[in-house]
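The values are calculated or read from the model by the stated rules, or taken from the named source; none is laboratory data. Note that the structure is predicted; figures quoted are calculated from it, not measured. Note: ideal-geometry Cβ built from the backbone for every residue, glycine included; neighbour counts use all protein chains shown. Calculation scope for accessible area: heavy atoms of the full protein, side chains included, ligands and nucleic acids excluded. Shrake-Rupley method; radii C 1.70, N 1.55, O 1.52, S 1.80 Å.
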Amino acid sequence: QVQLVESGGGLVQAGGSLRLSCAASGTIGSINVMYWYRQAPGQQRDLVAAISSDGTTNSVQGRFTISRDNAKNTVYLQANSLKPEDSAVYYCKANAITPLGKFLEVWGQGILVTVSS
């Protein structure tokens with residue numbers, strides 16, 4: 001199995017920055033695309049950014065930058081100029097392939113980001 005563990009969340013003032021990390025562990029063959037999503041209370045879970053194994057990125061939120069370290073099976077999300085409306089639980093997701101060739105879609109447990117005004 002593959003597990004994802006997020007870190008780096010917490011409380012930040014408006015205008016500040018945070019760097020979230022998500023590390024994958026377990027029986028990993030390869031990880032294709034990694035994602036960051038967020039979900040505010042009462043809202044749907046929305047895509048923030050995605051990055052493929054070759055580094056190609058897709059960022060829906062312009063103030064957020066996604067990157068990854070393939071050697072560490074870790075994806076990062078740099079969030080700048082944070083606003084109170086960025087407050088949410090941030091989730092990491094990975095599309096992984098096990099050594100036996102099984103496809104897995106794995107979610108992290110989520111990490112809370114709170115931006116105070």
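At-a-glance table
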{"read-out": "In the range 69-99, the residues that are at positive phi and more than 13 Å from the chain's Cα centre (by Cα)", "value": "Ser81"}
{"read-out": "Lone unmet requirement of (1) open to solvent by 30 Å² or more (accessible area, probe 1.4 Å); (2) free of Cβ contacts under 8 Å to residues at least 40 places away in the same chain for Ala50", "value": "(1)"}
{"read-out": "Top-ranked residue of the range 96-109 - restricted to ones that are open to solvent by less than 30 Å² (accessible area, probe 1.4 Å) and at pLDDT 95 or above, ranked as nearest to Gly42 (Cα to Cα)", "value": "Gly108"}
{"read-out": "Hey, Arg38 basic (Lys, Arg), surrounded by 13 or more Cβ atoms within 10 Å (Cβ to Cβ), closer than 30 Å to Lys102 by Cβ and touching a residue at least 24 places away in the same chain (Cβ under 8 Å) or not", "value": "yes"}
{"read-out": "Scan of the range 53-68 for residues that are under 23 Å from Ser25 (Cα atoms), surrounded by fewer than 16 Cβ atoms within 10 Å (Cβ to Cβ) and either within 13 Å of the chain's Cα centre (by Cα) or touching a residue at least 12 places away in the same chain (Cβ under 8 Å) (or both), ordered by number", "value": "Ser53, Gly55, Thr57, Ser67"}
{"read-out": "Qualifying positions in the range 19-35 - modelled with pLDDT of 95 or more, of a type in the set (A, V, I, L, M) and open to solvent by 30 Å² or more (accessible area, probe 1.4 Å)", "value": "Ala23, Val33"}
{"read-out": "Filtered residue count, the range 88-117, keeping only those that are without any contact (Cβ under 8 Å) to a residue 12 or more places away in the chain and small (Gly, Ala, Ser)", "value": "0"}
